[in-house]
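The values are calculated or read from the model by the stated rules, or taken from the named source; none is laboratory data. As the structure is a prediction and not an experimental result, all values here were calculated from the model. All Cβ positions, glycine included, derive from the backbone under ideal geometry; neighbour counts span all protein chains shown. Areas reflect the complete protein model, heavy atoms only, side chains present, ligands, DNA and RNA absent. Shrake-Rupley method; radii C 1.70, N 1.55, O 1.52, S 1.80 Å.
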Amino acid sequence: MDADLMHPSRFLRRADLNGQPLRVTIAGLKQEEVGNGQSKWALTFTNGTKALILNKTNSKAIQRVHGKETDNWPGKEILLVPAVVDFKGDEVDAIRVRAVPQRRSSEEPPPFDDAIPS
């Protein structure tokens with residue numbers, strides 16, 4: 001049995017990404033009770049993916065891409081990337097937020113024009 005199944009979570013974890021980046025659209029931001037009477041901000045998504053507890057690192061990553069005004073985040077896309085990070089001297093599983101790579105429009109000219117002028 002997969003050990004991650006022994007401790008299910010209502011919030012998104014690295015194991016939920018199955019080692020692959022996940023493109024999501026932000027539905028909203030809300031405060032969630034996470035235990036011990038503590039509440040944290042969580043991102044919700046339009047496709048029904050579990051909510052992601054929003055740490056400072058991921059919050060700043062979204063701000064760089066979509067601005068500081070959280071009211072403008074719904075409808076915006078981000079990429080959730082599985083990661084292993086250092087936390088207080090230990091390597092721990094994490095999810096990092098990245099900008100969605102820009103799609104090239106088919107209407108854009110090719111990067112080089114090899115035509116020889118006549």
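May I ask you to verify whether residue 100 is at pLDDT 95 or above, β-branched (Val, Ile, Thr) and either part of a strand (DSSP E or B) or out of contact with any His (no Cβ under 8 Å at 6 or more places or on another chain) (or both)?
For residue 100, the condition - at pLDDT 95 or above, β-branched (Val, Ile, Thr) and either part of a strand (DSSP E or B) or out of contact with any His (no Cβ under 8 Å at 6 or more places or on another chain) (or both) - is not met.
Residue-wise test of (1) open to solvent by 100 Å² or more (accessible area, probe 1.4 Å); (2) of a type outside the set (Val, Ile, Thr).
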position	(1), (2)
64	yes, yes
67	no, yes
70	no, no
74	no, yes
77	no, yes
100	no, no
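Anything in the range 46-56 that is touching a strand residue (DSSP E or B) at 6+ places or on another chain (Cβ under 7 Å) and either in contact (Cβ under 8 Å) with a residue 60 or more places away in the chain or surrounded by 12 or more Cβ atoms within 10 Å (Cβ to Cβ) (or both)? List them, or say none.
Those that are touching a strand residue (DSSP E or B) at 6+ places or on another chain (Cβ under 7 Å) and either in contact (Cβ under 8 Å) with a residue 60 or more places away in the chain or surrounded by 12 or more Cβ atoms within 10 Å (Cβ to Cβ) (or both): 46, 49, 50, 51, 52, 53, 54.
If you scan the range 33-45, which residues turn out to be open to solvent by 30 Å² or more (accessible area, probe 1.4 Å), modelled with pLDDT of 95 or more and out of contact with any Asp or Glu (no Cβ under 9 Å at 6 or more places or on another chain)?
Within the range 33-45, 44 is the sole residue that qualifies.
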